[in-house]
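Asker: A single structure is presented below for examination.
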Amino acid sequence: MKDLIKKLTETISPSGYESVIREIITEEIKDFADEIHVDALGNLIARKGSGGKKIMLAAHMDEIGLIVNHVDENGFARFSPLGTFLPHTLVGARVRFLNGTYGVVGAEYLKPATQTKLAPLNKMFIDTGASSPKDSPVKIGDVAALERPFHDLGKRLIAKSMDNRISVVILIETMRKLKKTEHEVYFVFTTQEEVQVRGALTSAFGIAPEIGIAIDICPVGDTPDSAKKEVSLGKGVSIKIKDPLMIADPRIVNWMIKGAEKAKIPYQREVSSLGSTDARAIQVAGAGAMVGGISIPCRYVHSPSEMVDYDDVKNTVKLLIALLEKKIKL
Amino acid sequence: MKTEFLKSLLSSSGLSGFETPVTELIKEKWTSLTDGLSESSLGSLHGLKRGSGKESRPSMIIATHMDAIGLIVSKISGEFLHVANLGGIDIRVLPGQAVTLHSERGDLPGIIVQPPAHLLPEGEAKKAVALKHLLIDVGFSAREVARKIKIGDTVSFATEPTEMSGGLLAGHSLDNRASLAALTLCLEELQSREHIWDVWAAATVQEEIGHMGASTSAFQIRPDLAIAVDVTFAKGPGASNWETFDLGSGPTIGLGAVNHPFLHEQFKELAEKLEIPFSIEILPGRSGTDGDDLQTSAEGIPTIVISIPIRYMHTPVEVIATKDIQRTARLLTEFIAMLDADFLEKIVWDD
């Protein structure tokens, strides 16, 4: 799986510009799906199996990015964010544009009094090495994402866009390993999650599943000054009970927990005060669905270096297979 | 007013996302009052009271959310529990409250405590202590807590409903179970009334989180008209401006974007004719009720928000004048009975 994680996390394909990543995923899954289509918002929808319950698994394939809104007279490109960035992790970061251009995100700290303050995003700029709009390799509307290589630390892995390419890898691996299922399972690689969960809403409306599960990363509470939250890296699959915008259906939570216990897969119970996932949109699309979330604990979310634990990744695949193989009683 | 049913609802938990206990009580009550009950995928309860009009008659939904605000265990620290909020809870009144923790092994009594001032971060003790610093104590040792309590266990207010002087009732979750009592009273009145339209009584889930139940139920039922019944702010300490209403001054009829102007006029005229006291509630944008999502569900539904004034909203001691519940029920009943088969054609957005 690590090769695929490297390949997907080193791909640049931000929210609204998912065609690059979609092509790579399509290539990976085409032999394992009964049917594949792409909907109007660019969601990649692959069905496997029929009968039983109609289940939608969603992993968003977009990543946070930057879009140029102005190139000034000296060639510096100002940008708007596609998704949420943490300003303190952006200054000094390198970016790569879809057209191949590299750049560095800069900000000025000219007055001593403001040196300790964070520059807001609208005071930052991308330096592409240009010195005028004319010789700038990027123009208004050009899109970039963070540029960072994948690093394998053994048990722990670091990359940009672990959010949410790690879940994309998990879904691909689940499709490969799931030999049989009694259910009609839709593996959906959604678009535009980072810009208010847009792809999941339309794909869920189209599929109208009974059960919806979002696979995504979740912030952890195991770093020195983290929020009061119990989830830690490497302690197992995180089963979502609540995040600020979504309460998982208790029937789904129970099903997941029983499934994990039966298959002896380590799991953690997640009540999160930060972030939300595709589940929130699947829950309210059309007449609604019973939803839940399976999260991969992740440190330094939305920074250029997001860290996950490889055991958690493998366990998530195991849990999904354990859940999908069997009859479902809720 | 008979308050037994309402008081049973106020003694139940049924927090947002965990509504089952209160759903059961409503089911029991609505079975004989409706022609059939069903549940949405999210757990909203739908009771259909069939109209007398000929087939493919128009239908309406009356949505009253049944969920209540509360807390949920987010982290365990030894003997104490950290909690997150389910819905917008008023943190100023939390320290010292008696609560019930709902664990897999049954309900446990507990209390909400705040650490002493010198143990809080600087400045924190001078204002309402943030939820992240508050703890729940159920009396267990750290070992027992680890064994018996889980992340995700819910915590509800233990305050029992209290009938006070002047026909007032105090309790937690009057928001919005007072409206459920009004809708139930309306269903009772409809037993002996002729009505042409189908009426879908809906006890919706997760209003306090973002009206998830209202949008999905309306999409599933596809009614021709929608009424959200909820509570609004009664005048009280620190709440006395034009946005508030005298306690016991009757229901409010919404006016503003979410409220269809024709329905607003109809309700106003009807209340005047019946001599039911009422106020007009200006809701310029979103109403903060199920109405917001009823209106925009599917192709859109003409919607009106009717509210009952309560004091001390989102605290364990919300207060209502029970006569306003009766007035709201009567207004709903008379509106339903008034609807003729071609009422729909009259609903034109003419402001």
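Asker: For A:Lys7, give me every one of the aspartates and glutamates with a C-alpha distance below 12 angstrom, ignoring sequence neighbours fewer than eight places off in its own chain.
Answerer: Those aspartates and glutamates meeting the cut-off are A:Glu28.
Asker: Which whole-number value in Å³ per residue fits the convex hull of the alpha carbons of the range A:242-329? Provide the component values of the computation, followed by the final result.
Answerer: Values: hull volume 9.7 nm³, N = 88.
In the range A:242-329, the Cα convex hull volume per residue is 110 Å³.
Asker: Could you list the chymotrypsin sites (Phe, Trp or Tyr not before Pro) in the range B:215-259 that lie in coil according to DSSP, counting only those with at most 11 other Cβ atoms within 10 Å of their Cβ? Don't skip to the end; give the middle numbers.
Answerer: Working: sites: B:Phe219, B:Phe233, B:Trp242, B:Phe245; in loops: B:Trp242.
Passing both the DSSP loop test and the Cβ count: B:Trp242.
Asker: Multiply the residue gap between B:Glu124 and B:Ser32 by 0.36 nm, knock off their C-alpha separation, and tell me the result in nm, one decimal place.
Answerer: Values: separation 92, 0.36 × 92 = 33.12 nm, distance 5.27 nm.
Contour length minus Cα-Cα distance gives 27.9 nm.
Asker: Give me the percent relative contact order of the range A:65-146, please, defined on Cα pairs under 8 angstrom at least 6 residues apart.
Answerer: Values: 172 pairs, mean separation 37.0, N = 82.
Rounded, it is 45 percent for the range A:65-146.
Asker: Holding the Cα-Cα limit at 25 Å, pick out from A:Lys48/A:Lys242; A:Lys242/B:Lys150; A:Lys48/A:Lys326 the pairs that are longer than that.
Answerer: As for pairs spanning more than 25 Å Cα to Cα, those are A:Lys48/A:Lys242.
Asker: Sticking with this one: Given a Förster distance of 35 angstrom, what is the FRET efficiency for B:Ala239 paired with B:Arg105, based on the Cβ-Cβ distance and rounded to 0.05? Please list the in-between numbers first.
Answerer: Values: r = 41 Å, r/R0 = 1.17.
In this case the efficiency is close to 0.30.
Asker: Give me the percent of DSSP beta bridges within the protein assembly as shown that run antiparallel, rounded to the nearest 5.
Answerer: Taking every DSSP beta bridge within the protein assembly as shown, about 60 percent pair in antiparallel fashion.
Asker: How much length would be gained if the chain were fully extended between B:Ala298 and B:Ser141, taking 0.36 nm per residue of separation minus their Cα-Cα distance, in nm to one decimal? Intermediate values should be presented prior to the final figure.
Answerer: Details: separation 157, 0.36 × 157 = 56.52 nm, distance 5.18 nm.
Length gained between B:Ala298 and B:Ser141: 51.3 nm.
Asker: Rounded, prolate or oblate: which one fits the range A:65-146, using the alpha carbon gyration tensor with axes a ≥ b ≥ c (rounded when a/c is under 1.5, else prolate when a/b beats b/c, else oblate)?
Answerer: Note, shape of the range A:65-146 comes out oblate.
Asker: Just counting partner chain Cβ atoms within 10 Å, what average do the residues of peptide B:210-221 show around their Cβ?
Answerer: Details: counts 6, 1, 8, 2, 1, 6, 7, 2, 1, 6, 3, 1.
Counting Cβ atoms of other protein chains within 10 Å of each residue's Cβ and averaging gives 4.
Asker: Can you compute the modelled spin-label distance between A:Asp311 and B:Ala341, with each label point 7 Å from Cα toward Cβ, in nm?
Answerer: Label at A:Asp311, label at B:Ala341, 7.1 nm between them.
Asker: Mind checking which aspartates and glutamates have their Cα closer than 13 Å to the Cα of A:Lys53? Skip sequence neighbours fewer than 8 apart in that chain.
Answerer: A:Glu182, A:Glu184, A:Glu210, A:Glu325
Asker: Scan the range A:55-118 for trypsin sites (Lys or Arg not before Pro) in coil per DSSP, keeping those whose Cβ has at most 15 other Cβ atoms within 10 Å, and list them by number. Intermediate values should be presented prior to the final figure.
Answerer: Details: sites: A:Arg78, A:Arg94, A:Arg96, A:Lys117; in loops: A:Lys117.
When the trypsin sites (Lys or Arg not before Pro) of the range A:55-118 are filtered for loop state and at most 15 Cβ neighbours within 10 Å, A:Lys117 remain.
Asker: Indicate the gyration tensor shape class of the range B:72-196 (rounded, prolate or oblate), computed on the Cα atoms with a ≥ b ≥ c the square roots of the eigenvalues: a/c under 1.5 is rounded; otherwise a/b larger than b/c is prolate and the rest oblate.
Answerer: Working: a/c = 2.85, a/b = 1.89, b/c = 1.51.
Verdict is prolate for the range B:72-196.
Asker: Shifting gears a bit: Would the protein assembly as shown count as rounded, prolate or oblate if I go by the C-alpha gyration tensor, calling it rounded below 1.5 in a/c and otherwise prolate when a/b exceeds b/c, oblate otherwise? List each step's numbers first, then the result.
Answerer: Details: a/c = 1.63, a/b = 1.55, b/c = 1.05.
Prolate is the answer for the protein assembly as shown, as a/c is 1.5 or above and a/b outweighs b/c.
Asker: Cut-off under 28 Å on the C-alpha distance; same-chain residues fewer than 8 positions from A:Lys134 excluded. Which lysines are left, in chain and number order?
Answerer: Within reach: A:Lys123.
Any read-out appearing in this document is the output of simple, stated calculations on the displayed coordinates, not a laboratory observation. Fair warning: this is a prediction, and the values are worked out from it, not measured in the lab. Because the Cβ atoms are built from the backbone with ideal geometry, glycine has one as well, and the counts that use them run over all protein chains shown.
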